[in-house]
Each structure stands twice: as structure tokens, then as C-alpha cells.
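Right, one structure below, let's go through it.
The values are calculated or read from the model by the stated rules, or taken from the named source; none is laboratory data. Just so you know, these numbers come straight off a predicted model, no measurement behind them. As a convention, Cβ positions derive from the backbone with ideal geometry for all residues, glycine included, and neighbour counts pool all protein chains shown. Protein only, heavy atoms only, side chains kept; ligands, DNA and RNA dropped before computing areas. Shrake-Rupley method; radii C 1.70, N 1.55, O 1.52, S 1.80 Å.
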Amino acid sequence: MALKRLAVLASGRGSNFLAILEQTRTGYIPAIISLLITNNPDAGAIQNAQKNDIPWRIINPKDFTDRQSFNDKILDELIWAKIDYIILAGYLKLVGKQIVDRYSNKIINIHPALLPSFGGKGMYGHHVHQAVYDRGVKVSGVTVHLVNSEYDDGPIVLQRCVSIEKAKTPEEIAGTVLKVEHEIFSQAIKLMVEEKLHIAGSRVEIIGD
Ligand code: GRF
């Protein structure tokens, strides 16, 4: 059977992108990364794509008159590259409805906290870890979820807790959480690509578990 084709959408440094790439190369994830799309011309993810011979595109909302045409362009590229699944790895833009509809339950996102806490619009990157730190919670963690048209709202695939009782700074929390991101994102992507997710409303059951 032909390997499934993944597109990664990323806005930043791209460490999750690299972790996933590694797991496609070992064969743990039975798929290939066929395309990187970024909205940010300075994204570190671009260098990672170049070094690894992965086609990449910058699609920046600033170059479009409205969100509809920005998302139409992304969808065109996804279709042209025959993409089966979309991985949001630190992608900071809301995915357009036309993409969510076309790729229903085939878009997956990672969030560096335990949803539904510390999520939603504006809760990304260091803002999440700062809010977690300021609130003084003793555990944080990672959530991998399917994507709908709201920020951080789709059915949850996997979550993992991390004790942060001893963390002295938001940066320390971010570092601890990132290590776990790199582990469970690949696990969740493998489950999605192998069609082991049964979705019923907000619930995801893992087939065979
Ligand atoms: C990660 O913490 C991810 O959870 C969040 O943005 C960060 C991206 O990191 N959405 P990287 O670009 O994958 O290194």
C-alpha cells in the first residue's frame, strides 16, 4: 500500500516537525512528509525542510486580501501535493473552514498544556507556559487533538501529564513539556494514519485498545 502523504504546517522553530520526520524515516509512522507550509518567512522549520529535501511554501496572510483567499491558497497546495493528512506543529493561524471540511478528522494539532485548560485564542507558545506558571498549577502536560474550526477545541486523541511542582520558571516548564510533545505527537499521528481513531462527538476511542 502506498505511504500516506503528510503536510506539516508550522510557524516557528520546527522541533516537532523534526521529531515527526525522524519517526517517518524509522517507519514508526507509516507515511512521508511531502510538504511544509509556513505563514512565517523566518520560521526555523524552513531550514529543516531544506536540509531534508522536503518541498516547502511560505503562504503569508499578509500577501492576501482576505482570510478566504489565504486559506484557498493553502488548500490548493494541499490538493496539488495529494496530501492525505495535515499536521499542525506550532502553527499559529486558525485553519480555514474550507480546509477543515475537506480534511475532516484528518488534521491534528499539538497543544503544550492539558486542554481544555490553558487553550483558546491567544494561548500559544510562551503565553501558555506563562499562564500555567502564573496560575501555580502543579501539573501541566501535552494534548494532541483533531482540529475543527475553533482554536484548541477538537476531539482529544492523547494527553500526557507532566509534574511541574519543581519548575522555577515558565521556560523550565516549556522545556519539560516539549520533550513529551516530541514523544506523544508521533504516537498520535501513527494512530491517525493507521486509521485507529474512532470519533464519536468529542470523544476519540482508540481501536484495538
Ligand atoms: C510547541 O510547544 C507546540 O506545542 C506549540 O508551539 C511549539 C512549537 O514548537 N503549539 P516547535 O516549532 O515544534 O519547536
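Values computed for the structure shown
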| read-out | value |
| --- | --- |
| Count of residues meeting criterion [without any contact (Cβ under 8 Å) to a residue 24 or more places away in the chain and within 12 Å of the ligand (Cβ to nearest atom)] in the stretch 163-175 | 1 |
| Qualifying positions in the stretch 155-169 - out of contact with any Ser or Thr (no Cβ under 8 Å at 6 or more places or on another chain) and of a type outside the set (S, T, Y) | V157, R160, E165, K166, K168 |
| Looking only at the stretch 14-29, and only at residues there that are polar (S, T, N, Q) and touching a residue at least 12 places away in the same chain (Cβ under 8 Å), the one that is nearest to K51 (Cα to Cα) | S15 |
| Any hit, the stretch 138-146, residues being within 13 Å of the ligand (Cβ to nearest atom), under 14 Å from the mean Cα position of the chain (by Cα), not assigned by TED's automatic domain parsing to the domain that holds H182 and not aromatic (F, W, Y) | no |
| Test for A131: is it within 16 Å of the ligand (Cβ to nearest atom) and surrounded by fewer than 20 Cβ atoms within 10 Å (Cβ to Cβ) | yes |
| Flag if G141 is open to solvent by 30 Å² or more (accessible area, probe 1.4 Å) and on the phi > 0 side of the Ramachandran plot | no |
| Residue in the stretch 81-99 that is surrounded by the fewest Cβ atoms within 10 Å (Cβ to Cβ), counting only those that are closer than 22 Å to A43 by Cβ and away from the ligand (no atom under 16 Å from the Cβ) | A81 |
| Complete set of residues in the stretch 176-204 that are among the charged types (D, E, K, R), touching a strand residue (DSSP E or B) at 6+ places or on another chain (Cβ under 7 Å) and in contact (Cβ under 8 Å) with a residue 40 or more places away in the chain | E181 |
| K179 surrounded by fewer than 18 Cβ atoms within 10 Å (Cβ to Cβ), within 12 Å of the ligand (Cβ to nearest atom) and not assigned by TED's automatic domain parsing to the domain that holds N16 | yes |
| Qualifying residues in the stretch 100-128 (those that are farther than 15 Å from V162 by Cβ and of a type in the set (A, V, I, L, M, F, W, C)) - the one surrounded by the most Cβ atoms within 10 Å (Cβ to Cβ) | I108 |
| All positions within the stretch 1-34 that are part of a loop (DSSP other than H, G, I, E, B) and either crowded, with 19+ Cβ neighbours inside 10 Å or within 16 Å of the ligand (Cβ to nearest atom) (or both) | A10, S11, G12, R13, G14, I29 |
| Tally, over the stretch 122-164, of residues that are under 16 Å from N109 (Cβ atoms) and aromatic (F, W, Y) | 2 |
